[in-house]
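What follows is calculated from the coordinates using simple rules that are stated; it is not laboratory data. In this text the structure is predicted, and so the values were computed from the model without any measurement. Ideal geometry is used to build each Cβ from the backbone, glycine not excepted, and the neighbour counts take in all protein chains shown.
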Amino acid sequence: MKTLSFFKRALAALAYRDFRILWFGAFASTIGTWMQKVAQSWLIFDLTKSSFFLGLDDFLGQLPILLFTLVGGVIADRHDRRQLLLSSQYVQMTTAFILATLVWTGHVRIEYILLLSVLTGFAQAFGGPAYQSLIPTLVERKHLPNAIALNSIQFNLSRIFGSLLAGAALAAFGTAVCFGLNGLSFIVVIFALLSLSVKHIKAAEHQPMLQEMRGGFNYMRGEPTLTALTVLACLTTFLGLPLLTFLPVFARDVFQGDIGLYSRMMAYSGAGSVVGALIVAWLGRFTHMGLTLLVMEVVFGVLLIAFSMSEVLWLSKVLLFLAGASVMMVTAMTTSLVQLIVPDHLRGRVVSIYMVAFRGGMPLGSLASGYAASLASVPIVLAVNGALVSLVAIFFLTRSHGLREL
């Protein structure tokens, strides 16, 4: 009975039809996305033998998100969020099929891969705010933290299955098949979006785009806690997520493994993230949520340092699992608190600012860490990043900025 009660509470948002349909559609599509991410990282490292190009690809894929997500947030508040998401899926599906064709015909080059990453990032810059703004309209407010945690669960379950499937597909068929399967996976989420019953309610009036964008910034300036959460999210991804970018280096150079080991390491990290998201989903909205996320941030930094120093494979896998769990608890709680603070009529604009910080930290961190690794070494860079992650959390623990009281 206790087990049944746990899962009923942890999966509460799946009781809502539209959220359930979108969850399963996104799950299938994200499996394909992770297959492409694993295959693309391995392809780039195989073509260039350079950790810098791994970071550069991640940077260029996220660059449009830095440049256009704020505009995407205004558009998400003005227009039908489902239609924006559909357009985003069509573009991403096309780029996946183009890359599959280039590899299959033997015409793939690093510059083509980088260009397609930019186009995919451009589509995500407009689809991301629409998706994040759509989720709160599919569930009741009391179940919003649960829905956000469940969204993290599907993302990381997809990472596990996608990573393992990518390893098997790469070994058996090559990278072109991974990219082609990713293209096909978008068909599932397109059908899911077309099946939603949620209706778009047009805003009564529109102000000029820059004025509406300024309204989002003005609201954030008036909420110091919201600003602190956004800064924390940016620094977490900037310093912490190069761990995933550098996994091919650890798999090949530190442990002398192949694509199979790399995909299994990705799966361990993904499994930890699922556990972390399940914990947050079960907890829901609880007292001292801000304090808990800061403590977990300190733990994440320590785990990064330990992983960077480990030369024992089984220990590294355990550390990857724990790091995945801790960082997912931090990001799920941070995102939940942001969504709970923001009113719906400003959601697209304010969430887009948060997304720029959250997603923007990834490419900038990968680029900076990739360059630093070319001067020193990947383990040293990762250890420094881990120390800085813990110091950031300790700063917010001592200075608060309202986070401890959330």
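Quickly estimate the mean residue ellipticity at 222 nm for the chain, helices only: each DSSP H run with n ≥ 4 gives -39500 (n - 2.57), and the total goes over all residues, rounded to 500.
Details: 15 runs with 328 residues, N = 406.
Only helices count here, giving -28000 deg cm²/dmol.
Provide, as a two-decimal number, the C-alpha radius of gyration of the chain over 2.2 N^0.38 Å, N being how many residues it has.
Working: Rg = 20.1 Å, N = 406, 2.2 N^0.38 = 21.6 Å.
Normalised Cα radius of gyration, the chain: 0.93.
Between residue 397 and residue 214, 0.36 nm times their residue separation minus their Cα-Cα distance comes to what?
62.9 nm
Project the alpha carbons of the range 328-393 onto their principal axes and report the range along each, largest first, in whole Å.
Computed over the Cα atoms, the extents are 47, 20, 16 Å.
Would you order 289, 333, 265 from fewest to most other beta-carbon atoms within 10 Å of each residue's own beta-carbon?
Working: 289 20, 333 28, 265 23.
Ranked by crowding around the Cβ, least crowded first: 289, 265, 333.
Taking Rh as the Kirkwood radius, which is the inverse of the mean 1/r over Cα pairs, what is the Rg/Rh value for the range 253-406?
Ratio value, two decimals: 1.00.
When only DSSP loop residues count, what chymotrypsin sites (Phe, Trp or Tyr not before Pro) in the range 117-198 have their Cβ near at most 15 other Cβ atoms within 10 Å? It would help to have the intermediate numbers written out before the result.
Values: sites: 122, 126, 131, 155, 161, 173, 179, 186, 191; in loops: 173.
For chymotrypsin sites (Phe, Trp or Tyr not before Pro) across the range 117-198 that sit outside H, G, I, E and B with at most 15 neighbouring Cβ atoms in 10 Å, the list reads 173.
Taking springs between alpha-carbon atoms closer than 10 angstrom, which of 66, 165, 315 fluctuates most in the Gaussian network model of the chain?
In this elastic network of the chain, the residue with the biggest mean-square fluctuation among 66, 165, 315 is 315.
For the range 102-149, evaluate the Debye formula with one uniform point scatterer on each Cα (no solvent term) and list log10 I(q)/I(0) at q = 0.15 Å⁻¹, rounded to two decimals.
Relative scattering, expressed as log10 I(q)/I(0), comes to -0.59.
Please report Rg over Rh for the range 287-328, where both radii come from the alpha carbon positions and Rh follows the Kirkwood definition. Intermediate results must be reported in sequence, preceding the final value.
Working: Rg = 11.5 Å, Rh = 10.7 Å.
A ratio of 1.08.
7 Å from Cα along Cα→Cβ at both residue 315 and residue 49: what's the point-to-point distance in nm?
In this crude spin-label approximation the distance works out to 3.0 nm.
Give the longest segment of the chain that steers clear of GluC sites (Glu not before Pro) in DSSP loops with at most 15 neighbouring Cβ atoms within 10 Å, not counting the sites themselves. Mind showing how you got there, number by number?
On the way: sites that count: 140, 205, 311, 405.
With a cap of 15 other Cβ atoms within 10 Å, the longest stretch comes to 1-139.
Would you calculate the volume per residue, in Å³, of the smallest convex hull containing every Cα atom of the range 223-279?
Working: hull volume 4.5 nm³, N = 57.
Cα convex hull per residue, to the nearest whole number: 78 Å³.
Using only Cα positions of the range 1-144, each an equal point scatterer, no hydration layer, compute I(q)/I(0) via Debye at q = 0.15 Å⁻¹ and quote the log10 values to two decimals.
The calculated log intensity ratios at q = 0.15 Å⁻¹ are -0.86.
Within the range 61-170, which trypsin sites (Lys or Arg not before Pro) sit in a loop by DSSP and count at most 11 neighbouring Cβ atoms inside 10 Å?
Details: sites: 78, 81, 82, 109, 141, 142, 159; in loops: 109.
Those that pass, being in a loop and sparsely packed, are 109.
Stokes-Einstein diffusion coefficient for the range 69-185 at 10 °C in a medium of 1.306 mPa s, Rh from the Kirkwood formula over Cα pairs: what value in µm²/s? Before the final figure, lay out the partial values.
Details: Rh = 16.0 Å.
Answer from the Stokes-Einstein relation: 100 µm²/s.
Across the chain, how many lysine pairs separated by 8 or more positions, or lying on different chains, have Cα atoms within less than 26 Å?
Numbers: 2/142; 8/142; 37/49; 37/317; 49/317; 142/199; 142/202.
The number of close lysine pairs in the chain is 7.
Which of the peptides 232-238, 92-98 is most tightly packed, and how do the rest follow, judged by the mean count of other Cβ atoms within 10 Å per residue? Intermediate results must be reported in sequence, preceding the final value.
Working: 232-238: 23.1, 92-98: 20.4.
Final packing ranking: 232-238, 92-98.
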